[in-house]
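What follows is a set of notes on a single structure, which appears directly below.
The values are calculated or read from the model by the stated rules, or taken from the named source; none is laboratory data. This one's a predicted model, so the numbers in the text were calculated from it and none came from an experiment. Please note: Cβ atoms are built from the backbone with ideal geometry, for glycine as well, and neighbour counts cover all protein chains shown. Protein only, heavy atoms only, side chains kept; ligands, DNA and RNA dropped before computing areas. Shrake-Rupley method; radii C 1.70, N 1.55, O 1.52, S 1.80 Å.
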Amino acid sequence: MLKLQTETQTNMPTTIKTGSATITSFGAAEGVTGSKHLLEIGGKKLLLDCGLFQGNRKLSRELNSHFPPQVLAVDAVILSHAHIDHSGALPSLIKAGFTNPIYSTAATRDLCEIMLEDAAYIQEQDARFLAKKESPAPEPIYTAENAAEAMQHFITKDYNTWFEPVEGVKVRFIEAGHILGSTQVEIEYQENGATKRLGFTGDLGRKGLPILKDPAQLTNLDVLITESTYALREHDDLLTIEDELLAVVEKTAKRGGKIIIPAFSVERTQEIVYVLHQLRVEGRLKFDLPIYVDSPLAVNATEVFKKHRDDYDSKTYADFMEKGEGPFTMNGLVYIRDAEKSKALNQLNYPMIIISASGMCEAGRILHHLRNNISDPKNTVLIVGFQAENTLGRRLVDKLPEVKIFGIPVVRKCEVVVLNAFSGHAGASELFNNVKNSGAKKVFCVHGEPTSTAGFVEKIQNELHLEAQVLHTGETTTI
Ligand SMILES: [Zn+2]
């Protein structure tokens, strides 16, 4: 008996009984943040993503403060990409005593290093803020030390290469085209002597985004766990993005104004820089405006982008790399880390482009730029990303004549332009086709607002006649 067990462990793939593999979601089941999906296959436990809950401060703090014991007991984490709502709880996991490996691509690891450090800084700041109001003073959810320790657990894997994070379960990263280093996850194991194939979309990207390769299609699956963020909504066409960006810049520059672009530091900022650079190279951007990328995280993220050139798409090579240039460096493009240099931009009174964070205008240096510039009708605020309800970004999208910045009312007279095409998520038809072409007979829909996820389930059932369902937080379902 003992001998047989040893043989099974070393030579044979673990064969599990039909129906004994399960999935349990502990986040991003009935919402879009806190992604954590636990797979139990033949007694082994894998956690797909380990994200932080975001949004309402009090509620997310509560949700982020503890882990269900099942999550702490996983044998390995498989990380789809570096966004904080997918990776941001890793330092908490480490703080709680997790010692097992975290698998990701190399670019995801490098982005996590800077993003988790930034997230820890925000947690520490948050705790200091709460300490003024609460007694006893609350501890930060995690610290920079926990974030640094989490990095020691990363094991990086190349795209399209099988590895075995736990005995009997093979995993492969497939391009997701969502942000640099992002992946879909392909999983194979034996069940009753037959190979069972599982897919997880992570956050599925879109064809034609600047810099990134297009998402690959998972095929021959038995089961697919798919995101559903924009399952019921199409995006604007990416093909016109250059023209639209150019029109905004030229119009504002002609009237002598500044273009203020609130943007996420990772991916969106680099995409905007890419398109502006391309417009320069093509000679279409006639105005020689200085471009300032004013966010330490964006500057650090750009360094990671420069390092992982193997992850660029062929268009980036054709547009820049083959000519001996990089997309992220050009005359007049200035990256600012230093806070004093950031403040000095307020004194400059000529047309320029300022790209700064946070993307939803809730914190960071963008607040100074907005306070100093939105009252001038010559200027433009260009919105290039999703703005959640109850954020300053959303109030700008809604074109309110007055908004509060640092608690003080500021009159808005500047123009506000919204470009929706930059979304990094697949739109409705891309998500639907991805399910259709995956071959899956059973589909679990996660990562969406409840109406979007439920609507997607219904669409898959009605139009593809597949078994599809929503996962409820903490509820274990047979795969
Ligand atoms: Zn994402």
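Overview of values
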read-out: Label-point separation in nm, residue 148 to residue 286, each point 7 Å along Cα→Cβ; value: 5.3
read-out: Total formal charge among the other residues, if their Cβ is under 12 angstrom from that of residue 353, Lys/Arg +1 and Asp/Glu -1; value: -1
read-out: In Hz, Karplus ³J(HN,Hα) per residue of the range 462-479 (6.51, -1.76, 1.60; θ = phi - 60°; x = Gly, Pro); value: 6, 9, 10, 6, 10, 6, 9, 7, 8, 9, 9, 3, x, 8, 8, 10, 6, 7
read-out: Potential extension, residue 411-residue 307 segment - 0.36 nm per residue separation minus Cα distance; value: 33.2 nm
read-out: Gyration tensor over alpha-carbon atoms, the chain, equivalent ellipsoid semi-axes in Å; value: 40, 25, 21
read-out: Between the range 396-461 and the range 38-101, the Cα center-to-center distance that results, in Å; value: 24
read-out: For the chain, accessible area per residue (1.4 Å probe, heavy atoms of protein chains only), Å²; value: 43
read-out: Cut-off under 5 Å, modelled amide H: who pairs with residue 333 long-range; value: 291
read-out: Fraction of beta bridges assigned by DSSP in the range 238-418 that are antiparallel (%, nearest 5); value: 20
read-out: Cα-based Lys proximity count in the range 238-418, under 19 Å, for pairs eight or more positions apart or on separate chains; value: 23
read-out: Helix 268-281 vs. the chain, principal-axis angle (Cα, 0 to 90°, nearest 10); value: 50
read-out: Note, ³J(HN,Hα) from phi for the range 408-424, Karplus 6.51, -1.76, 1.60, rounded to Hz, x at Gly and Pro; value: 10, x, 10, 6, 9, 10, 5, 6, 10, 10, 10, 10, 8, 5, 6, 3, x
read-out: Stokes-Einstein diffusion coefficient of the range 238-418, Kirkwood radius over Cα pairs, 10 °C, 1.306 mPa s, in µm²/s; value: 96
read-out: Summed side-chain charge close to residue 44 - residues other than residue 44 whose Cβ falls under 11 Å, Lys, Arg +1, Asp, Glu -1; value: -3
read-out: nm² value of the averaged projected area, convex hull over the Cα atoms of the range 102-146; value: 3.4
read-out: Pairwise centroid distance, computed over Cα atoms, of the range 368-385 with the range 138-214, Å; value: 38
read-out: Peptide ranges 385-396, 444-455, 416-427 listed from the most packed, as the mean C-beta count within 10 angstrom indicates; value: 444-455, 416-427, 385-396
read-out: Within the accessible area of the range 238-418 (1.4 Å probe), percent carbon and sulfur; value: 53
read-out: Those lysines that a straight Cα-Cα span of less than 26 Å connects to residue 442, excepting residues fewer than 8 apart in one chain; value: 17, 36, 44, 45, 170, 196, 207, 459
read-out: For residue 418, residues with placed amide H under 5 Å, excluding near neighbours; value: 383
read-out: Qualifying GluC sites (Glu not before Pro) in the range 319-352, DSSP loop, other Cβ atoms within 10 Å at most 13; value: 325
read-out: Fraction of antiparallel bridges per DSSP, the chain only, in percent to nearest 5; value: 45
read-out: Rounded to 10°, Cα long-axis angle of helix 296-307 versus longest principal axis of the chain; value: 60
read-out: Under-5 Å amide H pairs with residue 29, H placed in peptide plane, nonlocal only; value: 447
read-out: Trypsin sites (Lys or Arg not before Pro) restricted to DSSP loop in the range 161-204 with at most 12 other C-beta within 10 Å; value: none
read-out: Charge dipole of the chain about the Cα centre (unit charges at C-beta), most positive-ward option of 208, 439, 264; value: 264
read-out: Table column - 3J(HN,Hα) (Hz), the range 115-131, Karplus curve with 6.51, -1.76, 1.60, x for Gly and Pro; value: 6, 6, 4, 5, 5, 5, 4, 5, 4, 5, 5, 4, 5, 5, 5, 5, 4
read-out: Packing-based ranking, highest mean first, of 140-147, 52-59 given that Cβ atoms within 10 Å are counted; value: 140-147, 52-59
